[in-house]
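I have placed the structure first, in the form of structure tokens, so that the comments after it can refer back to it.
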Amino acid sequence: MGLPSMSDEQIELLIVKSKYIGDNDAEFILHKMIYLRCCDALIENEKIRTIITIIIVSILLDQPLVTQRNHIKSLYKRFGTEANKSKANLAKMKQDLKTVELRGQGYCHLKTALVERIAAEEMALDSYAEEQSLKNNHCPRCVSTLGTEMSINCDICNGTGKIAVTMGDAKAFFNELDLPYTPCKFSSEYWSEILFIVSELQIK
């Protein structure tokens with residue numbers, strides 16, 4: 001038996017429960033409701049309705065699409081508290097390594113230890129960035145300074161604090177699922193509909 005349709009206000013409540021409380025049941029129902037919206041929008045193909053539902057829910061819940069993750073990961077490796085701390089540690093260890101290398105062969109054990117520590121630090125930063133890219137779309141450069149001059153002038157997120165899903169990200173998601181479209185066709189047939197449904201339901 002299918003779920004009855006919901007009003008915009010009821011769907012907004014599902015978004016709040018999913019986004020801020022982590023209510024998995026609410027997120028499941030939200031997916032169902034967005035899928036029904038796609039049916040109402042006369043999106044004909046079941047596979048395409050499912051993909052568009054995923055894209056819309058990702059936008060509404062600030063969850064990264066898989067096609068955004070490499071970009072978000074690279075940003076977390078460059079910016080943010082953990083990146084700054086890691087870069088400072090790496091700079092210090094690499095300077096120590098240069099000093100040890102200048103001392104000659106008698107310090108091989110120190111050189112080996114520093115090389116291992118540098119590799120471990122780089123792996124730790126990579127793992128941290130990977131973890132962040134899987135769970136949020138926050139801008140690591142300015143999200144902690146929202147409302148300040150720094151965030152307003154951020155050239156990564158344009159002051160929103162989020163790495164927004166672009167048409168390119170959404171189209172790439174289609175392409176990964178073997179649904180290649182030209183940018184023009186994708187824009188006219190699907191992206192405009194995605195933006196319309198998001199604008200109806202996004203919490204102001």
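The values are calculated or read from the model by the stated rules, or taken from the named source; none is laboratory data. Keep in mind that this is a model prediction, so the values were computed, not measured. Here the Cβ positions follow ideal geometry from the backbone for every residue, glycine too, while neighbour counts run over all protein chains shown.
Output yes when any residue across the range 103-115 is in contact (Cβ under 8 Å) with a residue 40 or more places away in the chain, among the hydroxyl-bearing types (Ser, Thr, Tyr) and either surrounded by 14 or more Cβ atoms within 10 Å (Cβ to Cβ) or touching a Gly at 6+ places or on another chain (Cβ under 9 Å) (or both), and no when none is. Full working, then the answer.
The initial filter retains those residues of the range 103-115 that are in contact (Cβ under 8 Å) with a residue 40 or more places away in the chain, namely none.
The answer is no, given that none of the residues of the range 103-115 is in contact (Cβ under 8 Å) with a residue 40 or more places away in the chain, among the hydroxyl-bearing types (Ser, Thr, Tyr) and either surrounded by 14 or more Cβ atoms within 10 Å (Cβ to Cβ) or touching a Gly at 6+ places or on another chain (Cβ under 9 Å) (or both).
With the range 125-204 as the region, which helices (runs of 4 or more DSSP H) entirely inside it contain at least 2 residues that are at pLDDT below 85, within 30 Å of Asn89 (Cα to Cα) and out of contact with any Leu (no Cβ under 9 Å at 6 or more places or on another chain)?
On the way: elements: 149-152, 167-176, 183-186, 192-201.
Ranges flagged: 149-152.
Starting from residues that are touching a Cys at 6+ places or on another chain (Cβ under 9 Å) and of a type in the set (A, V, I, L, M), keep the ones in the range 149-193 and report whichever is surrounded by the most Cβ atoms within 10 Å (Cβ to Cβ).
Top of the filtered list is Ile163.
When residues of the range 51-86 are filtered for being closer than 15 Å to His138 by Cβ and under 12 Å from the mean Cα position of the chain (by Cα), how many remain? Let's see the steps before the verdict.
Start the filter on the range 51-86 by keeping residues that are closer than 15 Å to His138 by Cβ, which leaves 58-59, 61-65, 68-69, 71-83.
This time we only want the ones that are under 12 Å from the mean Cα position of the chain (by Cα), so: 58-59, 61-65, 68-69, 71-76.
Selection size over the range 51-86: 15.
Could you please let me know if Ser86 is outside any helix (DSSP H, G or I) and over 26 Å from Gly168 (Cα atoms)? Give the derivation first.
Details: outside any helix (DSSP H, G or I): no; over 26 Å from Gly168 (Cα atoms): yes.
Judged against the criteria, Ser86 is not a match.
Hey, could you check the range 163-204 for residues that are more than 18 Å from the chain's Cα centre (by Cα) and of a type in the set (Phe, Trp, Tyr) and say which is nearest to Lys17 (Cα to Cα)?
Among residues in the range 163-204 that are more than 18 Å from the chain's Cα centre (by Cα) and of a type in the set (Phe, Trp, Tyr), the one nearest to Lys17 (Cα to Cα) is Phe196.
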